1. If you project the alpha carbons of the range 12-356 onto the principal axes, what extent comes out on each, in Å, largest first?
2. Over the range 154-241, one equal point on each Cα, no solvent: what is log10 I(q)/I(0) by the Debye formula at q = 0.11 Å⁻¹?
3. Determine which aspartates and glutamates satisfy two conditions relative to Lys163: a Cα distance under 12 Å, and not lying fewer than 8 residues away in the same chain.
4. Any lysines with Cα under 26 Å of the Lys311 Cα? List them, leaving off those in the same chain fewer than 8 positions away.
Amino acid sequence: MTTELSSTRTGASDYVSQFTDLMRAVKDEGLLERRHGYYWAQIGVHVAAFFGIWAAFFVLGNSWWQLALAAALGVIVTQFGFLGHDAAHRQMFASASWNSWTARILAGGFAGLSFAWWRAKHNMHHKGPNLEGYDPDIGPGAIAFTPGIVAQRTTGFAGWFVKRQGWLFFPLLTLEGLNLHAESIRAARDKTSNQPWRRTELWLVVTRLAVYVAILLTFLPLGKAVAFFAVQMAVFGFCLGASFAPAHKGMPIIPPEMKLDFLRRQVMVSRNVRGNPVVDWAMGGLNYQIEHHLFPSMPRCNLRKAQPLVKAHCESIGVDYMEVGLFRSYAIVVDYLNNVGLRARDPFDCPLAAQLRG
């Protein structure tokens, strides 16, 4: 897939001005102002849903219908991951401390994720999305996201896997919940880390996990307890991963030597998914990925309102704005991952791209 840049010659100061103009329009509409009522309502509704599921768990008792509650719990825990994400981006409150502790409690206490570990990783992603050798979201792992990584996996099981990884990607997301818990604990145990509140987060994540497992083993037979845990983790991992995957996978990979201004660096490698109330909720607003990357502190509920401004602005300056339907976005991800080794290493093959190098 190739994203074209505008062929108009533009100076560096003009690039800055282009984003400044958009920022001014967004501010004039009040879209960067805090939405306290919205977020308190979101927190209240999802906390109530969380405890409501556990109340139903105790009422239902020893029954295989508990697996339906496990799936529902996986969905609600995903929402706490999204709320932690919003707080970490300081979308909720003016106070940095309020945002940090809200993210720490919602992500750690309800979803079992380390706020400090996630913030460090996610901040790198926002600074250089799809930047080869920098963005941790496309770094080496179970899935090969760049041609360079694929080139190192040509034989044996790795070679077989990489040719089919697109089809395997979404099934593998069912393991992402376990992986995120493991990464959170590992990062919180890292004594060389300079992350503040590391021990507090370790206590929060480990205690949450221990209490969760203890409740399952106390009130359910072993088989049902294991099944409940597996279903909840699988749904959690899939919902979270399926919300992040369409945002950048299958969009151009930026070579390390290419220099781009902020607006183009964020827009050209991001993909929106057409929204509606259900999609917006299920994806935590991340379907407005372009707007989120341009204005990471913008409250989630304002991203949809900002979209027409951003889209019109990109069209006026000749920057491609990518938006597709949900299932189309998944098809693009699968196709890209199955064929990533065949992609051109530098998809930015146009005159302006040459001017922006180095």
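A short reminder: the numbers here are calculations on the coordinates, not readings from a lab. Not measured: the values here are computed from a predicted model.
1. 66, 55, 42
2. Ignoring solvent entirely, the Cα scatterers give -0.47.
3. Asp335
4. Counting by Cα, and skipping residues close in sequence, Lys311 has these lysines nearby: Lys27, Lys127, Lys249, Lys259.
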